[in-house]
Amino acid sequence: MSSNGQPKRRAILAFVLNRSGVLNKISMLIRRKMYNVETLTVCATLQPGISRLTLTLREANDAKALQVVKQLEKMTEVISARELDIDQSFWREVAIVKFEGDNNLLAALDQRFPMEILDRRERGLCVAQIAGTSKRIDDFIAAIGKEKVVEVARSGFTAMEM
Amino acid sequence: MTTGKELVLKALEDLGVRYVFGYTGGAIMPIFDEMERRKCFTFIMARHEQGAAFMAQGISRASQSTADPQIGVCMATSGPGAMNLVTAVADAMMDSVPLLAVTGQVATGVIATDAFQESDVVGVMMPLTKQTYMPLAADRIEETLHEAIYVAMTGRGGPVLVDIPKDVQTQAVSDGYRFDPSAFQPELPGFYYSPAPEREAVRRAVALINQSERPIVLCGHGVVSRSAGEDLRIFAEKARIPIGFTLHGLSALPVDHPLSLGMVGMHGTVEANRALLHADLILSLGMRFDDRVTGKLETFAPNAKVIHVEIDPSEIDKNVSTMVALNADVGEVLRLLARDPQITSQPRRAWFESIEAFRRETAAEVEEEIAAGVGREGRLLMKYIVRRLSEVTAGKDIIVSDVGQHQMILARFYNFQTPNSWFTSGGAGTMGCALPMAVGVKLARPGERVWAVMGDGGFQMNLQELGTVMEYQIDIKIVLLNNGYLGMVRQWQTLFYDGRYAGTPLKSPDFGLIAQAYGIPYRRVTDTDEVGEALRQAVDHPGAFMLELRCDPSEIVLPMVPAGGGIADMIVSKKQIGESK
């Protein structure tokens, strides 16, 4: 049941009641059980009072990942939780990147990436937004060049199954 | 106009609460004031909030097997009052004991200003309870308390906390407020409770049971709290399966039943642990494979398939992988198994012959020790005292135990006959639990005799509760096993720390004078000849009685699975210790 090897990246999707203390409980659970969580995002759903929560973590052991799901489901406020099938789901995040770029760099980036310039100031300071897979965002930042990047804000993953 | 404090008491009354244990203070005064006016409960004033919460635990633990299961309720004020509840609430969580803690909070207007006696009680209690609540309007109080008690008592039991700001206690309900307790259904879309077993899983479990040659039942707390001991007996006798008990599974059925192996685990019997090691099938009932049961997981029951019956789905496959998981009420599963015509009766002669051999392994050595009754310098052995206690009570009385050597010795040598007659802090292992817990147990089961057994360390952690015993004339028999040490830690120091007794010897006051100060009759016992007679004196005395027995600090609880070791590493005999030292 358990596989020992490289920690596998996993996404767990949960629907929770939008009540005070729920996020507190979930973050306490992560700390208490020492789960190796990478990202945690929460958003409203079409159903009032219910939030959608996406949690990604690295865990090699299937049984341990199942425990995360079970511990989440144990909470009265968690309506359901499950691990997403990595091959059947989309994982996306949004990044806002502030960097110093001239017209040449902007043109080159525009060619390769579906980005949106949010603001541009004198001395070439730009703020751009990009959405996509983790790899696309990593590539985007690499294309700008580390020495030109001032600040990066990444949203963490949200995910959906086919 | 109806106010919040009236609704708190109305809700508790509607929910059948009879006792409230607590300690007053600024932020809970309105509720106490209302309680004094209504006189609808017996209020028991503990001498410390921790005591109040353990007394409330006693009510829940002792009444869960009766026709009228009660939830223990404790009340405290904000800040330090609430913080003093924490240990006993965490203890209830570990042992799956339903408990309602009601705390006063500073008024909503000053919350988060570091007001006098303000603490974030909800924040502190969140990871230690099944659920926490803070109603912010009088209109919410009744539904909150009804939901809280439903959550605490449904499925796997546990504590809940309701923290009520002082202004909400005195607030009037809004016009047209209505609440019908009989029609109330908590709306909990995320609360999973599935008591009915799946037919297919039961069928697969029965097939495994019938195929097995060396099966063992692990009887846990769930069997006791669901009063399923009798069904377990019928099933186990029909299928011919030996039964090992977890600490909290003890007293599910008479422990001298021919199929009983006694307790399993770190200080379990030789026969129970050897049987676990050699079993080809483990049928675990209402238990959670605690590390004190399994020892090192990698070497636990290497050849056994596991059927796990457990109401809490998060416990299944947590520590031990299962072949068949039955996420259901263990009482319902046992009712089915006891009557399932598919269960075949098998002699399993070879298996029972090996078990008899396991039983004989150390029996003579143990009996020899008990016959001597004393260890070094003629000091009493705890196992001798427990054997005498078992004889004097015929194993029928209720035992409430503190934590340590005496607890393991009671678990090993008390001849439990009465269902649900053994109460102690297991998962948390909270020293000092026994005296206050015994108060609640006695109130829940007034017709039965209750013994509170403790060491000199644990007794001094909550001895202020002698005041409660005195004031409310609680008839409990206190057995103080005084060896001048924190015995279990001393035992580890003897075995694993080269006999350096760091922080374990303790000087005690004159316990006779303490008992006298509280008006409790007392007797000190030092000789084996006196033990039986002194126990009978305690039995004959109408009312609380305290016995202090001077014990041998060098007594070692065996068998013992060393921490971090597997069951196969079990030390069974004093001779082994001699060799390794």
Sole residue being in the same structural domain as B:L535 (by TED's automatic domain parsing), under 23 Å from B:Q70 (Cα atoms) and out of contact with any helix residue (DSSP H, G or I) (no Cβ under 9 Å at 6 or more places or on another chain), chosen from B:G447, B:G426, B:G440: B:G447
In region B:463-520, the residues that are touching an Asp or Glu at 6+ places or on another chain (Cβ under 6 Å) and either of a type in the set (F, W, Y) or crowded, with 17+ Cβ neighbours inside 10 Å (or both): B:L480, B:N482, B:F511
Conditions (1) touching a residue at least 60 places away in the same chain (Cβ under 8 Å); (2) in contact with a strand residue (DSSP E or B) (Cβ under 6 Å, 6 or more places away or on another chain): number failed by B:R156: (2)
Residue within region B:79-95 that is β-branched (V, I, T), in contact (Cβ under 8 Å) with a residue 40 or more places away in the chain, assigned to a loop (DSSP other than H, G, I, E, B) and buried (at least 24 other Cβ atoms within 10 Å of the Cβ) present: no
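Conditions tested, residue by residue: (1) of a type in the set (K, R); (2) out of contact with any Gly (no Cβ under 8 Å at 6 or more places or on another chain).
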{"site": "B:V441", "(1), (2)": "no, no"}
{"site": "B:A444", "(1), (2)": "no, no"}
{"site": "B:R449", "(1), (2)": "yes, yes"}
{"site": "B:V469", "(1), (2)": "no, yes"}
{"site": "B:Y472", "(1), (2)": "no, yes"}
{"site": "B:V479", "(1), (2)": "no, yes"}
Exclusive hit being modelled with pLDDT of 95 or more, out of contact with any Pro (no Cβ under 9 Å at 6 or more places or on another chain) and of a type outside the set (V, I, T), set B:M134, B:M93, B:M153, B:M75: B:M75
Strands (runs of 3 or more DSSP E) wholly inside region A:1-104 containing at least 2 residues that are within 14 Å of another protein chain (Cβ to nearest Cβ) and closer than 23 Å to B:I311 by Cβ: A:8-17, A:78-83
Test result for B:P165, assigned by TED's automatic domain parsing to the domain that holds B:I31 and not charged (D, E, K, R): yes
Unmet requirement for B:N327, which otherwise passes all of (1) surrounded by fewer than 13 Cβ atoms within 10 Å (Cβ to Cβ); (2) within 30 Å of A:M75 (Cα to Cα): (1)
Condition met for A:G101 (touching a Gly at 6+ places or on another chain (Cβ under 7 Å), without any contact (Cβ under 8 Å) to a residue 40 or more places away in the chain, over 30 Å from B:E147 (Cα atoms) and assigned by TED's automatic domain parsing to the domain that holds A:S155): no
Among the candidates A:A128, A:A107, A:A143, residue that is farther than 26 Å from A:S27 by Cα, among the small types (G, A, S), without any contact (Cβ under 8 Å) to a residue 24 or more places away in the chain and more than 14 Å from chain B (Cβ to nearest Cβ): A:A107
Test for B:V320: is it within 14 Å of chain A (Cβ to nearest Cβ) and under 30 Å from the mean Cα position of the chain (by Cα): yes
Selection count, region B:42-78, where residues are surrounded by fewer than 24 Cβ atoms within 10 Å (Cβ to Cβ) and assigned to a loop (DSSP other than H, G, I, E, B): 9
Filter result for B:I478 (closer than 20 Å to B:G543 by Cβ, out of contact with any Pro (no Cβ under 9 Å at 6 or more places or on another chain) and either at pLDDT below 95 or not in a helix (DSSP H, G or I) (or both)): yes
Selection count where residues are out of contact with any helix residue (DSSP H, G or I) (no Cβ under 9 Å at 6 or more places or on another chain) and not β-branched (V, I, T), scope region A:107-159: 23
B:A112 modelled with pLDDT under 95 and hydrophobic (A, V, I, L, M, F, W, C): yes
Out of B:S251, B:S212, B:S227, sole residue that is polar (S, T, N, Q), more than 24 Å from B:M94 (Cα to Cα) and modelled with pLDDT of 95 or more: B:S212
Any hit, region B:400-419, residues being in a helix (DSSP H, G or I), out of contact with any strand residue (DSSP E or B) (no Cβ under 6 Å at 6 or more places or on another chain), of a type in the set (D, E, K, R) and at pLDDT 95 or above: yes
Qualifying residues in region B:225-260 (those that are touching a residue at least 60 places away in the same chain (Cβ under 8 Å) and among the small types (G, A, S)) - the one surrounded by the fewest Cβ atoms within 10 Å (Cβ to Cβ): B:S227
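The values are calculated or read from the model by the stated rules, or taken from the named source; none is laboratory data. What you see is a predicted model; the values in this text were computed from it and never measured. All Cβ positions, glycine included, derive from the backbone under ideal geometry; neighbour counts span all protein chains shown.
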